[in-house]
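The values are calculated or read from the model by the stated rules, or taken from the named source; none is laboratory data. Here the structure is a predicted model, which means the values were calculated and not measured. Neighbour counts are summed over all protein chains in view; Cβ atoms, including those assigned to glycine, are modelled from backbone coordinates with ideal geometry.
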Amino acid sequence: MTTSMNLIKFVRRLNRHPRSILNFFDDAGGFVFNSKYILVKVDGFAASRALYPWCRMSDLGFRAITAAISDVIAKGCRPIVYAISIGVTNNHLIDDIMQGIEEGVRLYGGYVENFDTNFGNDVWVDVFVLAECRVYPVPRSVEADAELILVDRIGSTAIAYIEHYIYGEKPEDESVVERVCRPRAPLSVVDVIEKYRSSIIGSIDISDTFAETLYDLVLASNGKYGIYLDFDPSMIADSNLINYVYEKKRLDVLTGIFISNEEYIPILVVRKQYVEDILNELRDKGFNPYVLGYVTCTTNQVVWRGIKVKKIVWNYAKGRISILNSL
């Protein structure tokens with residue numbers, strides 16, 4: 001989630017629920033109601049900024065559901081109901097978008113209880129989710145010496161980005177096309193979070209770039225902590241990225257990792273004595289988890305093996321990746 005300073009100033013004037021349990025600029029909102037932990041999440045996409053030209057309108061609907069649910073999963077919660085608002089330029093697009101929404105809801109569970117349509121100069125989908133949490137929702141948080149676990153391999157989204165924005169082409173690998181058109185958030189991670197909640201300090205999903213996600217974790221500590229990364233890029237890159245680098249030679253694996261975006265894979269911040277237990281639990285669920293590194297007291301820094309990581313962010317105004325000169 002990229003947030004402007006003007007928006008931050010505005011929302012700080014708004015009233016919050018008296019039993020709110022998450023910070024305002026976390027990935028979702030949470031509060032206690034009738035002794036239950038309730039999560040609320042809203043997310044949205046405009047086709048002109050978020051849909052690759054080879055994807056279908058039904059993919060836009062599916063992806064909008066995944067994007068909203070990804071944050072719900074990272075908090076350790078499960079969706080109950082959805083409210084959907086879509087905007088179209090032509091009536092004939094509604095059925096296709098709704099098909100994708102229906103398939104997404106069927107995949108992740110829950111019910112659609114409200115629906116709204118609009119007409120305009122772009123096509124968009126906004127998704128509101130109400131979720132229930134069996135454990136206290138995991139905040140976007142870090143603490144010294146905790147270790148970072150990437151739940152599964154990433155990288156296919158970097159291929160799509162390079163091929164489209166740099167070379168003006170469609171990826172040759174159909175599994176890459178499927179990955180960016182129909183991303184799937186790992187719902188079974190919620191089982192792991194529920195089992196090991198007391199050992200998990202924080203979490204965040206990769207919905208912007210991987211690099212930006214790491215800096216967002218640092219920002220959650222108000223710059224008090226930093227992150228030291230010690231991963232082997234080939235160990236967290238998916239097979240598509242490895243093959244692409246070998247065959248096309250259009251980027252290196254490490255760059256591909258840091259520009260990976262909208263992967264919808266969680267990063268868990270875990271107390272070190274429980275890391276192996278959680279890694280084994282994730283492996284039992286069919287994931288390929290890996291320890292990225294650990295939280296340091298070096299303020300406001302993300303470092304990979306002694307090299308400061310560039311702040312590579314998703315620029316929503318431009319609809320593409322930018323590198324910020326200052327943090």
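Points to keep in mind about this one:
- Members of the range 135-145 found to be in contact with a Lys or Arg (Cβ under 8 Å, 6 or more places away or on another chain) and surrounded by 24 or more Cβ atoms within 10 Å (Cβ to Cβ), listed by number: Pro137, Val138
- Inside the range 206-244, residues that are of a type in the set (Asp, Glu) and within 16 Å of the chain's Cα centre (by Cα) make up a count of 3.
- Restricting the search to strands (runs of 3 or more DSSP E) fully inside the range 262-327 and requiring at least 1 residues that are more than 20 Å from the chain's Cα centre (by Cα), of a type in the set (S, T, N, Q) and closer than 15 Å to Leu214 by Cβ gives 290-296.
- Near pairs, Cβ below 7 angstrom, 6+ apart or cross-chain, from the range 241-266 (assigned by TED's automatic domain parsing to the domain that holds Asp205) to any residue that is assigned to a loop (DSSP other than H, G, I, E, B) and of a type in the set (Gly, Ala, Ser): Leu241/Gly155; Gly256/Gly155; Ile257/Gly155; Ser260/Gly155; Glu262/Ser207; Tyr264/Ala185; Tyr264/Ser207
- With respect to the conditions (1) out of contact with any strand residue (DSSP E or B) (no Cβ under 9 Å at 6 or more places or on another chain); (2) farther than 27 Å from Tyr161 by Cβ; (3) surrounded by 20 or more Cβ atoms within 10 Å (Cβ to Cβ), Phe287 falls short on a single one, namely (2).
- For the range 257-270, the set of residues classified as touching a helix residue (DSSP H, G or I) at 6+ places or on another chain (Cβ under 8 Å), closer than 20 Å to Arg184 by Cβ and not acidic (Asp, Glu) consists of Ile257, Ser260, Asn261, Tyr264, Pro266, Ile267, Leu268, listed by residue number.
- Any hit, the range 37-60, residues being modelled with pLDDT of 95 or more, small (Gly, Ala, Ser) and either surrounded by fewer than 17 Cβ atoms within 10 Å (Cβ to Cβ) or within 15 Å of the chain's Cα centre (by Cα) (or both): no
- Test: Ala185 is hydrophobic (A, V, I, L, M, F, W, C), within 16 Å of the chain's Cα centre (by Cα) and surrounded by fewer than 22 Cβ atoms within 10 Å (Cβ to Cβ): no
- Any chance Ser198 is surrounded by fewer than 17 Cβ atoms within 10 Å (Cβ to Cβ), out of contact with any helix residue (DSSP H, G or I) (no Cβ under 7 Å at 6 or more places or on another chain) and among the polar types (S, T, N, Q): yes
- Boolean, Asp43 is closer than 25 Å to Asp191 by Cβ, touching a residue at least 24 places away in the same chain (Cβ under 8 Å), among the acidic types (Asp, Glu) and not assigned by TED's automatic domain parsing to the domain that holds Ser207: yes
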